[in-house]
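Working notes, beginning with the structure itself.
The values are calculated or read from the model by the stated rules, or taken from the named source; none is laboratory data. Just so it is clear, the structure is predicted and the values come from calculations on it, not from any experiment. Heads up, the Cβs are rebuilt from the backbone with ideal geometry, glycines too, and the neighbour counts pull from every protein chain shown. All accessible areas refer to the heavy atoms of the entire protein, side chains included, with ligands and DNA or RNA removed. Shrake-Rupley method; radii C 1.70, N 1.55, O 1.52, S 1.80 Å.
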Amino acid sequence: GRITKGQVQVITDAGDVVPTHRRAEFEAEAIEKCEGRTPNRLRPILQLLAERFTDRSFTERHQDAAAGRCVRVFPGRDGMCDVVATVPTVIGDGILDRLTQQAQAVIDARDPEDGDERGIDAVRADVLTDLLLAGTPALDPTATGDQPGTLGSIRAQVQVVVPALTLVGVDEGPADLVGRSPIDADSARCLAQQSPSLTRLLTDPVRGSVIAIDAYRPAWSQRRFLRARDQHCRFPGCRRAAIRCEIDHTIDHALGGPTTLGNLAHLCQRHHSMKQFTRWRVRQHPGGVLEWTSPLGRTYREDAPMPPVTFTPATPPASAESLEPAPF
């Protein structure tokens with residue numbers, strides 16, 4: 001009863017690449033990672049875990065699989081068919097992303113009086129057809145007069161998380177194509193080499209959650225943590241729900257404030273502007289405690305809200321030393 005049927009299926013699917021003699025070891029670690037995770041969130045975690053137990057590296061297996069890339073057509077009903085392209089995951093993800101951007105541009109540019117009611121799936125399919133048959137979209141509603149349209153200039157955006165050792169070539173472990181599945185180390189290094197910028201993440205080695213990021217916008221795991229911690233605007237007395245607030249850097253990012261959990265808090269638009277444009281000042285102490293100072297010099301302490309639900313751990317918590325963040 002510790003795990004569900006869906007989690008069992010994810011374990012068996014991900015563990016298919018694990019040699020028989022190491023599957024018991026993989027299974028034990030996989031079950032521990034099931035707690036508190038849905039099958040969809042669990043799948044990429046276990047796919048990366050399984051790579052630690054394989055006899056052949058992900059890069060070697062990917063090179064063999066890539067040799068079998070192909071395009072197939074499967075006849076369907078009513079004069080339709082399925083065109084299936086088997087390509088590396090990072091290529092397929094980029095194809096779908098670019099088609100989505102182009103389809104959205106078509107939808108945004110169309111005139112309501114034209115009677116075009118196609119959904120984004122249908123527009124994506126039509127753009128794909130134009131690209132493959134004409135090289136560039138034959139009909140580009142963003143073009144005006146002699147000026148070329150914007151569809152041809154749209155390029156895909158692919159987000160990849162690459163461990164530092166894989167990036168420098170010390171390790172051949174897979175990288176994580178965010179929202180999809182692992183990709184081989186060679187593809188990850190190629191993408192990193194051509195990328196105009198890289199973002200460094202600092203993660204908790206036990207939980208895998210993001211602690212700090214070299215960017216202005218917090219990562220999704222940080223936003224999720226902050227919503228659970230803050231629950232509402234952190235100005236004293238304000239109870240506007242966190243989902244309707246903005247995430248503020250206590251020390252402004254423009255002044256060197258880091259995008260870390262200890263420098264972020266939810267503020268509603270009104271109090272966010274008040275902090276930025278008036279003489280109100282705020283400091284953040286450990287544990288998410290905010291200390292506000294009014295223009296008259298009075299100090300107000302805003303403790304982090306108590307969570308509405310608490311849990312008693314079944315095992316003693318890990319030591320402080322084991323929770324030290326490690327760079328990735």
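Okay, here's what the table says:
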item	result
Among Ala105, Ala219, Val17 the positive-end extreme of the charge dipole of the chain (Cβ point charges)	Ala219
Assigned charges on the beta-carbon of Lys, Arg, Asp, Glu; the range 175-299 dipole about Cα centre (debye)	720 debye
The chain: DSSP helices with Cα axial extent of at least 24 Å and average Kyte-Doolittle hydropathy no lower than -0.5	89-109
Computed FRET value (nearest 0.05) for Glu32 with Gln269, which takes r as the C-beta separation and R₀ as 25 Å	0.05
Under 5 Å, built H, 5+ apart or other chain: amide partners of Ala212	Leu202
Normalised contact order of the range 69-131, rounded percent, pairs of Cα under 8 Å and 6 or more residues apart	24 percent
Mean residue ellipticity (222 nm) of the chain, computed from DSSP H runs ≥ 4 via -39,500 (n - 2.57), nearest 500	-10500 deg cm²/dmol
Value of relative contact order over the chain, rounded to a whole percent, pairs C-alpha under 8 Å and six or more apart	11 percent
Rounded to the nearest 10 Å², the accessible area of Glu25 at probe 1.4 Å	90 Å²
Estimated dipole of the chain in Debye, rounded to 20 [Cβ of Lys and Arg +1, of Asp and Glu -1, Cα centre]	1560 debye
Accessible surface ranking that places the most exposed of Ile11, Ile3 first, with a 1.4 angstrom probe	Ile3, Ile11
Asp248 long-range amide H proximity, modeled H, under 5 Å	Ala265, His266, Leu267
Signed unit charges on C-beta, dipole axis of the chain, positive-most listed residue Leu202, His272, Pro163	His272
The range 216-302: chymotrypsin sites (Phe, Trp or Tyr not before Pro) in DSSP coil with no more than 16 other Cβ atoms inside 10 Å	Tyr216, Trp280
Cα convex hull volume per residue for the chain (Å³)	242 Å³
Net charge, Gly297 excluded, C-beta distance under 13 Å - Lys, Arg +1, Asp, Glu -1	+2
Global form of the range 69-131, assessed from the alpha-carbon gyration tensor, a/c cut-off 1.5	oblate
For the range 23-95 versus the range 201-267, the gap between their alpha-carbon centres in whole angstrom	32 Å
Relative contact order (%) - criterion: Cα under 8 Å, at least six apart; region: the range 5-67	43 percent
Residues of the range 97-114 with amide N under 16 Å of a point placed 7 Å along Cα→Cβ from Trp220	97
